[in-house]
Protein chains: 2
Amino acid sequence: MSKYVVGVDVGGTTVKLGMFTVDGEVISKWEIPTRTEDDGSHILPDIADSIKREIVAHNFNAEDFAGVGIGVPGPVDDKGVVHKAVNLGWQNEFSIVETMKKLLPGMTVRGGNDANVAALGEMWKGGGQGCENLVAVTLGTGVGGGIIVGGRLLNGSTGAGGEIGHIHIEDNETEACGCGNYGCLEEYASATGIVRLARRELEASSDPSSLRDGEVSAKTVFDAVKAGDTLAIRVAEAFGEYLGKGLAIIAGVVNPEVFVIGGGVSKAGEILFDYIRPAFERTVFHGSRDTRFALATLGNDAGIYGAAKLILGNAD
Amino acid sequence: MSKYVVGVDVGGTTVKLGMFTVDGEVISKWEIPTRTEDDGSHILPDIADSIKREIVAHNFNAEDFAGVGIGVPGPVDDKGVVHKAVNLGWQNEFSIVETMKKLLPGMTVRGGNDANVAALGEMWKGGGQGCENLVAVTLGTGVGGGIIVGGRLLNGSTGAGGEIGHIHIEDNETEACGCGNYGCLEEYASATGIVRLARRELEASSDPSSLRDGEVSAKTVFDAVKAGDTLAIRVAEAFGEYLGKGLAIIAGVVNPEVFVIGGGVSKAGEILFDYIRPAFERTVFHGSRDTRFALATLGNDAGIYGAAKLILGNAD
């Protein structure tokens, strides 16, 4: 009977690892550096060695483990094939599952995209507990998404499922998104996007605002909103208009029970929902109107929880 | 060993039924009227009686059947609960699976939304054969959708998954959609939507067009497009701009391998794709740029095929 599971979240500079009981109790959490040199060829061996050492350190046996789940920053399909992960130096398609199995003989291994895996973590132990249909939205430097349907990750045909930051939401945009397109949701709803909206508002208006005095960031914008700054409130309204419309579209497509909102921008708290809801409710299909909004609760640990959950299977 | 399966597609006026081998060979197809009187309470007993008679007529036994799948025009969740089906007179939530099981003792029964079930049919034996990730788009009086992820139907938390006709695609719309919102995809990409776009173009322009002479319908518009009518071509471009953007958004969310386009409008043929692709390629996330377009091939039989496939399980 397997008692433990390991979740691995591979980032561009650090690999986070977590050892859990199959019930999701944390036994240990640790980190190792991500060695991206030599086309990232050291990353998976480093992870395997680190897991083996941790197992020994706890006097556990490999047989006690249900397996190792691993999330990576790039598209991963249902079969565990990584199509590319430029931040890790991985330029070619390969099976992360087969590679890790050779490094950890006898272990079950599963892989997924990091944003999708984080969604699974929030479903298991975070803001979406108890839901089998949810969309996790990460509002950070970019906008990421992870979609869970019937307790299973929606990876898509080439691992690009849940790329909600790049849905087209504005026809009249003159600045390109990082992806090369124009008018992506990420250009308005990410931390960077909020700064852009604020800069535009500061230029277009001569209204007084605390944002004129210091740093303009997602945090200072929402701090100003909470202090009643009318210019900042207009920025929040523009942000909420775009994000509310975007989430309404996503709700029409996948009909989730809840949107779990995480990432740096979500530190502003539930006030975000006050700005998202008007456009959401105005444009959403009535069958999805009751979709809830919740804050993510696992923070940076969502990835290791979700990676562990990859091994444990569907919602239960 | 089960040899046969029955697929049922319940429409507002007619119930279509099909008896298939488990490999999808048609044994018989037939129809019965949909009796919507008395809150639609006769519909399921009528279907059960008709299936029993067909089994007897073929000298089959109930034990030869893997089960009965049934698609209905309303939201159906993963557990087979119909939330409402106004066209059938069903006002209250009930389990179509439990009800049908009582009417067909010993039979396995599964239920789904008709548009979703039709998508499963196109995956099994139609335009999406061999694909485990596809979106079926029905361009008829309205715009319907059915999404298959990893070989499984995406029903959503309340059975409203795949309601792609009602994603918000235009901010500047003054006419309400049938759903009550403004600017839904259905207002531009359905047969009715194409007629609206044509009427607007005919009013706004004084260009000569064959559309000025007779009936304006999706068919006459695309017939005129094929004859080189420049006004009709502008209508097709407007249609393609909306639908291309809409499908690009959907591709960004679910990353299908193929869009299978059906419904009356699809009778225009592959020329539709020429008008959809420019906006699709301009706005889609690069990870989903290779999504293919295909025509649905099962026509009105998609529902009975898909309902039968509900019983046979996932993509195989």
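Out of B:LEU272, B:LEU247, which single residue is surrounded by 20 or more Cβ atoms within 10 Å (Cβ to Cβ), in contact (Cβ under 8 Å) with a residue 12 or more places away in the chain, more than 13 Å from every other protein chain (Cβ to nearest Cβ) and over 30 Å from B:TYR4 (Cβ atoms)?
Sole residue among the options that is surrounded by 20 or more Cβ atoms within 10 Å (Cβ to Cβ), in contact (Cβ under 8 Å) with a residue 12 or more places away in the chain, more than 13 Å from every other protein chain (Cβ to nearest Cβ) and over 30 Å from B:TYR4 (Cβ atoms): B:LEU272.
Is there a residue in region B:108-118 that is of a type in the set (Ser, Thr, Tyr), in contact with a helix residue (DSSP H, G or I) (Cβ under 8 Å, 6 or more places away or on another chain) and within 14 Å of chain A (Cβ to nearest Cβ)?
Within region B:108-118, none of the residues are of a type in the set (Ser, Thr, Tyr), in contact with a helix residue (DSSP H, G or I) (Cβ under 8 Å, 6 or more places away or on another chain) and within 14 Å of chain A (Cβ to nearest Cβ).
So B:GLY128 passes all but one of these: (1) at positive phi; (2) more than 8 Å from every other protein chain (Cβ to nearest Cβ); (3) in contact with a strand residue (DSSP E or B) (Cβ under 6 Å, 6 or more places away or on another chain). Which condition number does it fail?
That leaves (1) as the condition not met.
Read through the list (1) outside any helix (DSSP H, G or I); (2) in the same structural domain as B:ASP114 (by TED's automatic domain parsing); (3) not hydroxyl-bearing (Ser, Thr, Tyr), then give the number of the only condition that B:ALA307 fails.
All conditions pass for B:ALA307, except number (1).
Among the candidates A:VAL15, A:VAL22, which residue alone is touching a residue at least 12 places away in the same chain (Cβ under 8 Å) and more than 21 Å from the chain's Cα centre (by Cα)?
A:VAL22
Of all residues in region A:170-188, which are surrounded by fewer than 24 Cβ atoms within 10 Å (Cβ to Cβ) and either modelled with pLDDT of 95 or more or more than 8 Å from chain B (Cβ to nearest Cβ) (or both)?
Correct list: A:GLU170, A:ASP171, A:ASN172, A:GLU173, A:THR174, A:GLU175, A:ALA176, A:CYS177, A:GLY178, A:ASN181, A:TYR182, A:GLY183.
Return the only residue of A:GLY193, A:GLY165, A:GLY240 being within 12 Å of chain B (Cβ to nearest Cβ), within 30 Å of B:GLY287 (Cβ to Cβ) and either without any contact (Cβ under 8 Å) to a residue 24 or more places away in the chain or buried (at least 17 other Cβ atoms within 10 Å of the Cβ) (or both).
A:GLY165
Take the conditions over 19 Å from B:GLY246 (Cβ atoms), within 13 Å of the chain's Cα centre (by Cα) and either in the same structural domain as A:VAL72 (by TED's automatic domain parsing) or in contact (Cβ under 8 Å) with a residue 12 or more places away in the chain (or both) and apply them to A:GLY140. Does it pass?
Yes.
Could you list, in sequence order, all residues of region B:20-65 that are closer than 17 Å to B:VAL109 by Cβ, in contact with a Phe, Trp or Tyr (Cβ under 6 Å, 6 or more places away or on another chain) and surrounded by 15 or more Cβ atoms within 10 Å (Cβ to Cβ)?
Of everything in region B:20-65, just one residue is closer than 17 Å to B:VAL109 by Cβ, in contact with a Phe, Trp or Tyr (Cβ under 6 Å, 6 or more places away or on another chain) and surrounded by 15 or more Cβ atoms within 10 Å (Cβ to Cβ), namely B:PHE65.
For residues that are of a type in the set (A, V, I, L, M) and assigned to a loop (DSSP other than H, G, I, E, B), scanning just region A:138-160, find the one that is modelled with the lowest pLDDT.
Out of the qualifying residues, it is A:ALA160.
Can you find, within region B:151-161, the residue that is surrounded by the most Cβ atoms within 10 Å (Cβ to Cβ) among those that are within 7 Å of chain A (Cβ to nearest Cβ) and of a type outside the set (A, V, I, L, M)?
Ranking the candidates gives B:GLY161 first.
Looking for whichever is farther than 29 Å from A:ALA294 by Cβ, at pLDDT 95 or above and among the basic types (Lys, Arg) here; the options are A:LYS101, A:LYS125. Which one fits?
After ruling out the rest, the residue left standing is A:LYS101.
Looking at A:VAL135, is it within 12 Å of chain B (Cβ to nearest Cβ), on the phi < 0 side of the Ramachandran plot, aliphatic (A, V, I, L, M) and surrounded by 24 or more Cβ atoms within 10 Å (Cβ to Cβ)?
yes
The values are calculated or read from the model by the stated rules, or taken from the named source; none is laboratory data. The structure presented is a predicted model; accordingly, all values stated were derived computationally and were not measured. Virtual Cβ from ideal backbone geometry, glycine too; neighbours counted across all protein chains shown.
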